[in-house]
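Here, each number is a calculation from the coordinates, and none is a lab measurement. These numbers were taken from a predicted model, which means no experiment stands behind them. Note that we place each Cβ from the backbone using ideal geometry, even for glycine, and neighbour counts take in every protein chain shown.
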Amino acid sequence: MKLDRFIANHTPHSRQTARLLVASGRVTVAGERVCDPRFDVDQFVAIRLDGALLQDRPALFYMLHKPVGFLSATRDLQHRTVLELFAPELREQLHIGGRLDRGSSGLLMLTNDGSWSRRLTEPKIKLPKTYQVTTLRPISSETAERFAAGIYMTTEQLTTSPAQLLQLGECTCRLTIYEGRYHQIKRMFHAVGNQVVSLHRESMGAIQLDPALAPGQYRALTAAEIASVDQVSRSS
């Protein structure tokens, strides 16, 4: 959003008056005086007019080690949700970026930055997501080839992006996909005559689940982890 529009939206001043206020040096952004009314500002930067604070909302980014049995939702009348694992003062501010089924575990990202979370799941960006998968039946030798070629999804009428499967055992593998469609991995294995028994997400892009986090624990993302998602987005 342009600075003059922000001032007009958050004060009684008109857009024209807001331009004059900015041009006369009465507005600071992140502690620095800004005189360009067309200066771009986001929802998290501190903005002051004549010293009065108009916005100072911190950006929040967390990783959670999601346990099995918790719903990836903000509220639910029947099941416990992942938000219940967070401190009460954070629950109203966070939303989920890239959900996991109630029966799945592993890396889950939560933030209050909508544009950042959309980049986690936007198919065009193709952020790699890696899972450890256990199946009901032995994984056939053709499965890796089928996944690499893409699996046709009848509901969406599209073929998934090529996925990489690394066999770990007779019924276990590490699978990397580049989308995040509804029950995608379960549907991919169903298409090759198998069934997923357990699913654990290990990483999203360059962000890996912190091994120090026990199921149900969370921590703030580092600046490098946050920036890594933007780097993938710019290269797509």
**Prompt:** For labels at Val45 and Arg26 in the simple 7 Å Cα→Cβ model, what's the distance in nm?
**Reply:** 2.0
**Prompt:** Applying the Karplus parametrisation 6.51 cos²θ - 1.76 cosθ + 1.60 with θ = phi - 60° to the phi angles of segment 62-74, what ³J(HN,Hα) value in whole Hz is obtained for each residue in order, glycine and proline being reported as x?
**Reply:** 9, 10, 10, 8, 6, x, 4, x, 9, 7, 7, 7, 7
**Request:** Give me the number: length gained by fully extending Arg187 to Arg146, i.e. 0.36 nm times residue separation minus the C-alpha to C-alpha distance, one decimal in nm.
**Result:** 13.5 nm
**Prompt:** For segment 3-55, what size does the Cα cloud have along each of its three principal axes, sorted from largest down, in whole Å?
**Reply:** 23, 19, 18
**Interchain or long-range residues, amide H under 5 Å from Gly106's placed H** = Lys66, Arg201
**Asked** With each run of n ≥ 4 DSSP H residues scored as -39500 (n - 2.57), what mean residue ellipticity at 222 nm is computed for the chain after dividing by its residue count and rounding to the nearest 500 deg cm²/dmol?
**Response** -6500 deg cm²/dmol
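May I ask you to derive the FRET efficiency for Leu54 and Thr74 from their Cβ-Cβ distance with R0 = 30 Å, giving the value to the nearest 0.05?
After rounding to 0.05, the efficiency reads 0.65.
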**Item:** Cβ-derived FRET efficiency at R0 35 Å, Ala212 paired with Gln164, nearest 0.05
**Value:** 0.85
**Complete:** In whole µm²/s, the translational diffusion coefficient that Stokes-Einstein assigns to segment 146-232, given a Kirkwood hydrodynamic radius over C-alpha pairs, 4 °C and 1.567 mPa s, equals 86
**Complete:** Expressed to one decimal in nm², the mean projection of the alpha carbon convex hull of the chain is 16.1
**Dipole magnitude of the chain, debye to nearest 20 (Cβ charges: Lys/Arg +1, Asp/Glu -1, about Cα centre)** = 380
**Prompt:** Quick one: what do you get for segment 1-131 if you divide its Cα Rg by 2.2 N^0.38 Å?
**Reply:** 1.39
